[in-house]
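Working notes, beginning with the structure itself.
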Amino acid sequence: MGNQVELLAPAGSRASLDAGIKAGADAVYIGGSRFGARYYADNLEKEEMLRAIDYVHLHGRKIYMTVNTLLKDREIEELYSYLQPYYREGLDAVIVQDIGAVCCIREQFPGLSLHISTQAAVTHALGAEFFAGLGADRIVPARELSLDEIRDMKQKSGLEIECFVHGAMCYCYSGQCLLSSMIGSRSGNRGQCAQPCRLPYSADGGKPEDMLSLKDMDAVELIPELVKAGVDSFKIEGRMKRPEYVYAVTGMYRKYIDLYYEKGAGCFQVSREDKNALENVYRRRGYCSGYYQNQNGKHMISLKRPGALFSGREQAVSCQDKALENTEYKIKEKINGKLILSEGNHAKLCMEYTGASRKIYAEYEGPVVQTALRQPLEEERVKRQMKKTGNTEFEFDRLEVFLEGRVFLPMQTLNELRRGGISALEEEILSDFRRDQTCARTMEKEAGKNTVKEASRIVKMQRGGLPQSETAEEKRLHLTVSVQSEEQLKALFYLTGVDTVYIDDSIGFRRDVVCQIRRLQEDGRQIYLSMPYIFRERAVIRYEDIYKELVQVYDGVLIRNWESYIWLLKKGYTKNMISDTNLYVFNQYSKDFMRQTAFAQYTLPQELHAHELAGLGGGGVLIVYGCQPVMISANCIRKTAGRCKGEEGISYLLDRQKKKFGVKNCCRYCYNIMYNCVPLMLLDQTEEIKKVDPAGIRLDFTDEDSKTVRQLTVLYQKAFLEGKPQAVPEMEYTRGHFKRGVK
């Protein structure tokens, strides 16, 4: 990138794309007909997208396509044919979440810039380092990061950093939310979030409020601080917003970015009038400056819905006036031309355009110029006709006309000359962006395997490739139990069918717990530590202090983020690592990638149904019981409710249907885990699970008492290890997505 920060505008439609370009965006991001995280936007079909790519490039801007959903097997096999036309046309970058898609795109489309989506929840320089090793050019970090964390990520990774500066914010770390998916089958990881976080909830018996609804972000006043932190691209949220919104917000940020570079930080100030105008473009929940200067806080939450004036519908209000509703979003590029008309010779039109990196020239030759029988052409008349560039993307800044002799050409021929010249100039400009068809390789399965092997080589931290052939003992279905309290841990004594126990980080290093661990290990159990869901600097500092004890006490670790993975490898960790469900193994390519890394095992995702899981070809650990995490949030329920004491524990949220969601307060790392209101129960699905052919099954316990832990563990042991069908106990439960899946 250049020295000046990029302004990146949303384009949920072609009209919004035009609005963003006219308002001064340096680049736009847009979804095609598939694989984008805004399923309900007015996404472009193939021919529209190809025209949009050319349009953006003719105006010297860039265009990034969202491919930021999790891809199922049948979809990732189609990714090559989907992206190839856009790649050839000159698409500048793709924004990606799925690790399998990352591998495929890097292998199949050389030279195509790879941007890691905020859906990947990169929260530390360690995560950026991981993706840099896979060939990423840019990171869109989690919105929850502070300016200091962003600065650290930029300095240590060397990657481009793209940060949101305006628009809606999710309550949950992006890519870590299953709330909409679990309660309504509309997956945020598949671009179909129903936004249940915007509904009222009551906390611990309090009155119903919009406890999970964050205000929108407005960081225009932080432009100097963001630039100093090393941010390369300012991203405006809003692919579901109208063109008027895109034009107004982009225009305001363009104004103040330019002001910063013109006047410097010392003279930078946003006027109250502009601030009010910007926030009146769209009023839904009020505004805050995001997490850049705040860890979290009640002031970021929109507890009450605005009044009738700000009902949540867009107010089509311009930063300047309301006339924007009728604005035609059209801009013209300045060109120079020289037209030579000489009797008896071919007409010649020479065109010149000054692009971002070079001057571009084009020539177009017309028919032989005739000799005028009556009135020859006059210079001014020719100029007037030639300057009628109409709906093209150009207008003449300077046009020279040379007439030699008594020349004549019909006006229709002059029009054809102009059209031909502009077309030739367009082709010359766009030739800089076109890619040869032979650059992209065919999407063969073996090529995908080559991709992950290359990715593994780049990361340079693997431990010897694929696992060896499994022994009969390893092939046996293993039973794993995850616990979060000492009471639950003690309940596992004398339950001989449990091979492995995961112990939550919140209790994992207490002395009394370590004593219990030793007893279980002496009994032949493998004991793993469940590491934090979010591994920011607080976690890094703590784990630096306890690393020696971690190695001494535990047989391995369960990992929930790429930051933990890279940190452990840097420490030279040699024990087993298992990835949790939120390091999504959604397709064969992500599965192959995981098998090429240092992970000994992976956990199957929650959003695939039984048939799709079976299609992965066996292996992995399948969760068969437990209240699953549906949100990981940097904000704190207790803090919002005014009852934060800095003590870890469980709070409860009640929704409109009187469903009770447990919320664990992880104060040590300052994040909350919200669990589903009812547990997953697959006790009676033994035959279907046999078809999935997992390497192991897992029971997740959150706040269950010891009696429940013993009862359910024994039932699953009999059903899955002894082959004795068991009836489901009388309780409220869900099948999750095991039967229904997500679209």
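Taking every residue in the stretch 159-170 that is crowded, with 21+ Cβ neighbours inside 10 Å and pairing it with any residue that is in a strand (DSSP E or B) and of a type in the set (Ser, Thr, Tyr), at least 6 positions away or on another chain, the pairs with Cβ-Cβ distances below 7 Å are 162/233. Every condition in (1) without any contact (Cβ under 8 Å) to a residue 60 or more places away in the chain; (2) outside the structural domain of residue 148 (by TED's automatic domain parsing) is met by residue 220 except one, and the failing one is (2). For the stretch 190-297, the helices (runs of 4 or more DSSP H) that sit wholly inside it and include 1 or more residues that are within 24 Å of the chain's Cα centre (by Cα) and buried (at least 18 other Cβ atoms within 10 Å of the Cβ) are 223-228, 243-263. Every condition in (1) touching a residue at least 60 places away in the same chain (Cβ under 8 Å); (2) within 26 Å of residue 72 (Cβ to Cβ); (3) within 28 Å of the chain's Cα centre (by Cα) is met by residue 675 except one, and the failing one is (1).
Residue 412 meets the stated requirement of being without any contact (Cβ under 8 Å) to a residue 60 or more places away in the chain, surrounded by fewer than 12 Cβ atoms within 10 Å (Cβ to Cβ) and over 27 Å from residue 52 (Cα atoms).
Within the stretch 565-577, the residues that satisfy the criterion of being in contact (Cβ under 8 Å) with a residue 40 or more places away in the chain and either touching a Phe, Trp or Tyr at 6+ places or on another chain (Cβ under 9 Å) or closer than 24 Å to residue 615 by Cα (or both) are 565, 566, 567, 576. Listed conditions (1) of a type outside the set (Phe, Trp, Tyr); (2) farther than 30 Å from residue 263 by Cα; (3) out of contact with any helix residue (DSSP H, G or I) (no Cβ under 6 Å at 6 or more places or on another chain); (4) at pLDDT 95 or above are all met by residue 8, apart from (2). For the stretch 340-355, check the following and say yes or no: at least one residue is modelled with pLDDT under 95, of a type outside the set (Ser, Thr, Tyr), closer than 30 Å to residue 14 by Cα and outside the structural domain of residue 280 (by TED's automatic domain parsing). There is at least one residue in the stretch 340-355 that is modelled with pLDDT under 95, of a type outside the set (Ser, Thr, Tyr), closer than 30 Å to residue 14 by Cα and outside the structural domain of residue 280 (by TED's automatic domain parsing). Against the numbered list (1) out of contact with any Ser or Thr (no Cβ under 9 Å at 6 or more places or on another chain); (2) of a type in the set (Ser, Thr, Tyr); (3) in a loop (DSSP other than H, G, I, E, B), residue 81 comes up short only at (3).
Okay, residues lined up against (1) acidic (Asp, Glu); (2) closer than 29 Å to residue 705 by Cα; (3) without any contact (Cβ under 8 Å) to a residue 12 or more places away in the chain; (4) out of contact with any Gly (no Cβ under 6 Å at 6 or more places or on another chain):
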{"site": "550", "(1), (2), (3), (4)": "no, yes, no, yes"}
{"site": "558", "(1), (2), (3), (4)": "no, yes, no, yes"}
{"site": "579", "(1), (2), (3), (4)": "no, yes, no, yes"}
{"site": "587", "(1), (2), (3), (4)": "no, no, no, no"}
{"site": "590", "(1), (2), (3), (4)": "no, no, no, no"}
{"site": "593", "(1), (2), (3), (4)": "no, no, no, yes"}
{"site": "597", "(1), (2), (3), (4)": "no, no, no, yes"}
{"site": "600", "(1), (2), (3), (4)": "no, no, no, yes"}
{"site": "626", "(1), (2), (3), (4)": "no, yes, no, yes"}
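Determine if the stretch 101-110 includes at least one residue that is charged (D, E, K, R) and not assigned by TED's automatic domain parsing to the domain that holds residue 303. Reasoning before the result, please.
Step one: filter the stretch 101-110 for residues charged (D, E, K, R), giving 106-107.
Subsequent filtering for residues that are not assigned by TED's automatic domain parsing to the domain that holds residue 303 retains none.
Among the residues of the stretch 101-110, not one is charged (D, E, K, R) and not assigned by TED's automatic domain parsing to the domain that holds residue 303, which makes the answer no.
Of note, residue 540 satisfies the criterion of being part of a helix (DSSP H, G or I), at pLDDT 85 or above, among the β-branched types (Val, Ile, Thr) and under 27 Å from the mean Cα position of the chain (by Cα).
Close contacts from the stretch 118-129, counting a first residue that is within 18 Å of residue 70 (Cβ to Cβ) and a second that is at pLDDT 95 or above and assigned to a helix (DSSP H, G or I), with Cβ to Cβ under 6 Å and a gap of 6+ residues or different chains, come to 122/128; 127/562; 127/563. Which residue pairs have Cβ atoms closer than 8 Å, lie 6 or more positions apart in sequence or on different chains, and pair a first residue in the stretch 646-662 that is more than 20 Å from residue 732 (Cβ to Cβ) with a second residue that is of a type in the set (Ser, Thr, Tyr) and modelled with pLDDT of 90 or more? From the stretch 646-662, the pairs are 648/506.
The values are calculated or read from the model by the stated rules, or taken from the named source; none is laboratory data. For clarity, every value in this text was computed on a predicted model and none was experimentally measured. All Cβ positions, glycine included, derive from the backbone under ideal geometry; neighbour counts span all protein chains shown.
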